[in-house]
1. Quick check on Thr228: is it without any contact (Cβ under 8 Å) to a residue 12 or more places away in the chain, of a type in the set (S, T, N, Q) and either away from ligand 2 (no atom under 16 Å from the Cβ) or touching a Ser or Thr at 6+ places or on another chain (Cβ under 9 Å) (or both)?
2. Would you point out the residue of the range 161-184, among those that are farther than 16 Å from Tyr136 by Cβ and loosely packed, with under 13 Cβ neighbours inside 10 Å, that is farthest from ligand 3 (Cβ to nearest atom)?
3. Here are some residues: His134, His122, His144. Which one is within 15 Å of ligand 2 (Cβ to nearest atom), modelled with pLDDT of 95 or more, within 24 Å of Tyr227 (Cβ to Cβ) and out of contact with any His (no Cβ under 6 Å at 6 or more places or on another chain)?
4. On the given criteria, is Leu117 in contact with a Lys or Arg (Cβ under 6 Å, 6 or more places away or on another chain), at pLDDT 95 or above and more than 16 Å from ligand 2 (Cβ to nearest atom)?
5. Inspect the range 149-156 for any residue being touching a Cys at 6+ places or on another chain (Cβ under 9 Å), part of a loop (DSSP other than H, G, I, E, B), within 10 Å of ligand 1 (Cβ to nearest atom) and more than 17 Å from Lys169 (Cβ to Cβ) and give the result as yes or no.
6. Condition (residue is part of a helix (DSSP H, G or I), away from ligand 3 (no atom under 16 Å from the Cβ) and crowded, with 19+ Cβ neighbours inside 10 Å) applied to the range 230-253: is it met by at least one residue?
7. Could you list, in sequence order, all residues of the range 51-92 that are buried (at least 18 other Cβ atoms within 10 Å of the Cβ) and outside any helix (DSSP H, G or I)?
8. Any idea how many residues of the range 81-120 are near ligand 1 (Cβ under 9 Å from one of its atoms) and touching a residue at least 60 places away in the same chain (Cβ under 8 Å)?
Amino acid sequence: MAPNITTSPTGVLFENDIETVVAPSVEKKNDNAKPREKYRRKLVWRNIILFVYLHLAAVYGAYLMLASAKILTAVFATLLYIAGGFGVTAGAHRLWAHRAYKAKWPLRVILMIFNTLAFQNHIYEWARDHRVHHKYSETDADPHNATRGFFFSHVGWLLVRKHPDVKEKGKTLDMSDLDADPVVMFQKKYYLIIMPILCFILPTVIPVYLWGETWKNAWFVVAMFRYTFTLNITWLVNSAAHMWGNHPYDRFINPAENVSVAVFALGEGWHNYHHVFPWDYKTAELGNYHTNMTTALIDFFSRIGWAYDLKTVPMSMVKRRVERTGDGSHEIWGWGDKD
Ligand code: ST9
Ligand code: ZN
Ligand code: ZN
């Protein structure tokens, strides 16, 4: 391991350009160190072709939604976007990647089904990539390292082989909690069967058989457009919310508070807060439901007892952090009331 790693004032590791800046000198000094494999970007043409098709089909689907689809088809597509979104936000993200709350098995099953219809890889892979994203944020070990630009952090990272550091550092993560969750392991084992059914086949078949939609409209609107829209909203958290917005909690990191992303991503755009306090089940300081529908969902399930042990951050801790590392954009009203 290179000894020369720099840390930010917040203690976050920065290992960017490790080959070009740090590694060569380290390798010369340390005879025992394994020579580093030089990273070369390798395009994955299968993914490039599929994503180009997906986006062209989604544009056509958006047109068909306005031009000829039945209103029920548009409503159904919207409901699937929200359900799939919750499967990612309340499920893969807050529950499984961060353990920000606990959920009884019926809720875990619902979230797993919702997650599968969003097809963002199975929960285990999603959570492993996300844990490594938080631990080694904006370094080569971050799968969607935002210092490689908007396109790479948005979608480019899915079009190339991963940097070896992602795999190397990812292998050091403790994934035993997910190994022990039968719902997660069931989804992982049967993913290639249940994912196509839930993400593409049922969303196409249901509108045709239940309300007489055409096959063309059902496929392009509900399967292609809905899926691609949900993907792009999710990817904006990795790209836009790592680039644009305020830094009220930590001005030394790039993740930012981005209200537009928060609204469409069901509450996941409060990304400066989230990178500072990743265990908070709200992924935001405040519990405003209109910009955080996922928090509303978890609160609902908490009221009926299916979600429990919701983790939050004491106001005094947030305040100390804002004063120590914030960029001054935090609205200070209310501190007194909340302490
Ligand atoms: C998608 C995911 O879109 C989106 C995630 C976004 C995350 C956002 C987070 C933001 C916060 C939450 C906001 C939510 C908002 C939601 C709003 C909703 C309205 N650790 O991957 P492979 C090892 S997916 C440890 O093939 P390659 C491991 O041994 C879209 N080890 O690497 C692995 O084998 P196995 C649909 C790791 O060959 C082996 O390497 N899906 C790790 O470099 C090979 O892994 C696609 O399009 C790690 N982290 O290929 C698929 N990673 O798994 C796209 C890997 O058996 N993916 N290893 O253990 C691929 O085709 C490939 O992964 C690749 C890289 C080509 C990108
Ligand atoms: Zn992030
Ligand atoms: Zn996170």
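1. no
2. The selected residue is Pro182.
3. Of His134, His122, His144, the one residue that is within 15 Å of ligand 2 (Cβ to nearest atom), modelled with pLDDT of 95 or more, within 24 Å of Tyr227 (Cβ to Cβ) and out of contact with any His (no Cβ under 6 Å at 6 or more places or on another chain) is His144.
4. no
5. So far as the range 149-156 goes, no, none of its residues is touching a Cys at 6+ places or on another chain (Cβ under 9 Å), part of a loop (DSSP other than H, G, I, E, B), within 10 Å of ligand 1 (Cβ to nearest atom) and more than 17 Å from Lys169 (Cβ to Cβ).
6. Yes, there is a match, as at least one residue in the range 230-253 is part of a helix (DSSP H, G or I), away from ligand 3 (no atom under 16 Å from the Cβ) and crowded, with 19+ Cβ neighbours inside 10 Å.
7. Once the filter is applied, which keeps residues that are buried (at least 18 other Cβ atoms within 10 Å of the Cβ) and outside any helix (DSSP H, G or I), the range 51-92 yields only Ala69.
8. Of the residues in that region, 12 qualify.
The values are calculated or read from the model by the stated rules, or taken from the named source; none is laboratory data. Computed from a prediction, not measured in an experiment: that's the story for all the values here. Neighbour counts run over all protein chains shown; Cβ positions are idealised from the backbone, glycine included.
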